Protein chains: 2
Amino acid sequence: MKPSPPKMSAALKNRGPKRLKVDPELLLNAAQRVFSKSGMNGASIRAIAREAECDPALIYYHFKSKEAMFHALLDRKMPPIAMELEALADPSNTEPTSLRLWRASRVFRHYFGEDSGFRAVLRGQILNGTEGTKDAIARHIQRNAKCNWAILEQGIERGHLRADLQVRMTAFFLVRMFMEIFDLIPAIAERIANVPANQALVLAERAWFELFWRGVAAHPAKPLPPELFSVE
Amino acid sequence: MKPSPPKMSAALKNRGPKRLKVDPELLLNAAQRVFSKSGMNGASIRAIAREAECDPALIYYHFKSKEAMFHALLDRKMPPIAMELEALADPSNTEPTSLRLWRASRVFRHYFGEDSGFRAVLRGQILNGTEGTKDAIARHIQRNAKCNWAILEQGIERGHLRADLQVRMTAFFLVRMFMEIFDLIPAIAERIANVPANQALVLAERAWFELFWRGVAAHPAKPLPPELFSVE
DNA sequence: CCTCAATTTCAACGACCGTTGAATTATTCG
DNA sequence: CGAATAATTCAACGGTCGTTGAAATTGAGG
């Protein structure tokens, strides 16, 4: 994590203060909070420094730039998600495809559901970030996406899903709509449909997965297992 | 359109220059371009003025603030959409529900499909705008949404759609996923799935509507009319 | 031409921005 | 202790921002 600046000359390396006030991990935490609150452009180095209760210049000691901070944040946040999904997508898993897809959606909910700011930054950066940032995000997303593709392909092989599914598009639909539900339903349910936000959220998640499942299943007349939505 | 400043005293009103250089409509055009390119926060009054080739202060002569410009933009952009949708949702329209829903999606494509910046601003402002802006957007969106709700409700009555549909959620799913396709597929298709963007866009629209239709139709085994996707 | 009002420009305010180089503090080793 | 080094702070640069009040420009009515 400690980056470029410290170039030690010889065996005299463990000299200076090791943990004085501010750990880079603390800076990342502060950065995540500020990014989440203000977005990538709105988040100033000075605001991150205020949040971390340190001097703005210190951030440049630990990170090359604001963009580098965001990349570090990505590298901290995304791999755990990929690992959970990779376990879920293992071909030896013979649970019903509907259950596996639902569980995959729960992984995204667990890691992204309560961090609307980070979702927004991620979405904004893949649209408008620098080329380097777009590439970095794409690599992380692809690793996740491959798991969903695998689950869908196995579902087709096992006869659970329509054989003519566009696998990669379908994976996009599943995940992206959950993200949109997290983002937008709380913001618009009360204003547009006059439904309390928390109530709308649960309703939307369920309605979406039912619609999705009916859309992809080989035998849509066969309903979802009723215990599905009580799985944590 | 001309706002507060000009308070004329008597019959001496048609004195000064009437159309000198900059019409407020031109300012709105410039604002739309800049909002689209830079987002709501990123778009500076100075940048809008540069785009309109006028002085920044002139903008404050015609509009109370940047937010007021955005509201004026909304009031110009949204009503034509609502009018097209309201015509489409008229109960006397007895076309197949699938066709009506597809046409509704084409209305959104027509007005939003080539203006990714405005979509982004709209989405951003309903999440993070001021209360006044959120309310204004919600009013416009609700007027549109009601049309989609009506088409879905008529579809249920006519036996085209599942009777247990969550109408308002379903309308959200339909439209919002098209928007996400416009936004994200071009940005991620090449990087993540290695598919050319323009090709992916067409594929995604079709795949989404097929999944959606199968998810909502009363008889999903009955396929969509094949001519659907050749309707302009 | 002159007046007067509608329109447009100018100049400036204070604030915040990302970044950098030099100076300062804190800690460990000899 | 004193030197060396890691961690941190300070002060400043040039820049952009939203906004405003005063000044200048424009054009029609008299």
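Search the range B:61-73 for residues being closer than 11 Å to B:Thr133 by Cα and surrounded by fewer than 18 Cβ atoms within 10 Å (Cβ to Cβ), and hand back the single one that is farthest from DNA strand C (Cβ to nearest atom).
B:His71
So the check is Cβ under 8 Å with 6+ separation or different chains; which pairs have a first residue in the range A:120-138 that's at pLDDT 85 or above and a second one that's of a type in the set (S, T, N, Q) and surrounded by fewer than 17 Cβ atoms within 10 Å (Cβ to Cβ)?
A:Ala120/A:Ser36; A:Val121/A:Ser36
Can you give me the number of residues within the range B:53-104 that are part of a helix (DSSP H, G or I), within 19 Å of B:Ile151 (Cα to Cα) and among the hydrophobic types (A, V, I, L, M, F, W, C)?
10
In the set B:Gly117, B:Gly124, B:Gly132, which member is within 28 Å of A:Ala171 (Cβ to Cβ), open to solvent by 20 Å² or more (accessible area, probe 1.4 Å) and either assigned to a helix (DSSP H, G or I) or not basic (Lys, Arg) (or both)?
After applying the criteria, what remains is B:Gly124.
Looking at (1) surrounded by fewer than 21 Cβ atoms within 10 Å (Cβ to Cβ); (2) at pLDDT 90 or above; (3) facing chain B (nearest Cβ under 7 Å), which is the only condition A:Ala150 fails?
(3) is the only condition that A:Ala150 fails.
Just the residues that are in contact (Cβ under 8 Å) with a residue 12 or more places away in the chain, near DNA strand C (Cβ under 8 Å from one of its atoms) and open to solvent by 70 Å² or more (accessible area, probe 1.4 Å), please, taken from the range A:32-59.
none
Only one of these conditions is not met by B:Leu85: (1) surrounded by fewer than 18 Cβ atoms within 10 Å (Cβ to Cβ); (2) in contact with a Cys (Cβ under 8 Å, 6 or more places away or on another chain). Which number is it?
Looking at each condition in turn, B:Leu85 falls short on (1).
Looking at B:Asp90, is it assigned by TED's automatic domain parsing to the domain that holds B:Ala145 and either more than 22 Å from the chain's Cα centre (by Cα) or closer than 30 Å to B:Val202 by Cα (or both)?
Answer is yes for this residue.
Checking the conditions here, which among A:Glu51, A:Glu95 is under 11 Å from A:Leu27 (Cβ atoms), at pLDDT 90 or above and not aliphatic (A, V, I, L, M)?
The unique qualifying residue is A:Glu51.
Results for (1) buried (at least 18 other Cβ atoms within 10 Å of the Cβ); (2) under 29 Å from B:Leu203 (Cα atoms); (3) of a type in the set (Ser, Thr, Tyr); (4) facing chain B (nearest Cβ under 8 Å), shown as yes or no for each residue.
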{"residue": "A:Leu161", "(1), (2), (3), (4)": "yes, yes, no, no"}
{"residue": "A:Phe172", "(1), (2), (3), (4)": "yes, yes, no, yes"}
{"residue": "A:Val175", "(1), (2), (3), (4)": "yes, yes, no, no"}
{"residue": "A:Gln199", "(1), (2), (3), (4)": "no, no, no, no"}
{"residue": "A:Val202", "(1), (2), (3), (4)": "no, no, no, no"}
{"residue": "A:Ala207", "(1), (2), (3), (4)": "yes, yes, no, yes"}
{"residue": "A:Leu211", "(1), (2), (3), (4)": "yes, yes, no, yes"}
{"residue": "A:Ala217", "(1), (2), (3), (4)": "yes, yes, no, no"}
{"residue": "A:Pro225", "(1), (2), (3), (4)": "no, no, no, no"}
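Suppose the filter is more than 9 Å from chain A (Cβ to nearest Cβ) and open to solvent by less than 30 Å² (accessible area, probe 1.4 Å); does B:Leu184 pass it?
In short, no.
Taking the stated definitions as given, is A:Ala89 away from every other protein chain (no Cβ under 14 Å), farther than 15 Å from A:Gln125 by Cα and near DNA strand C (Cβ under 9 Å from one of its atoms)?
no
The values are calculated or read from the model by the stated rules, or taken from the named source; none is laboratory data. Note that the coordinates shown come from a computational prediction; the quantities given were computed from them, not determined experimentally. When we count neighbours, we look across all protein chains shown, and the Cβ atoms used for this are built from the backbone with ideal geometry, even at glycine. In case anyone asks, the SASA skips ligands and DNA or RNA and just uses the protein heavy atoms, side chains included. Shrake-Rupley method; radii C 1.70, N 1.55, O 1.52, S 1.80 Å.
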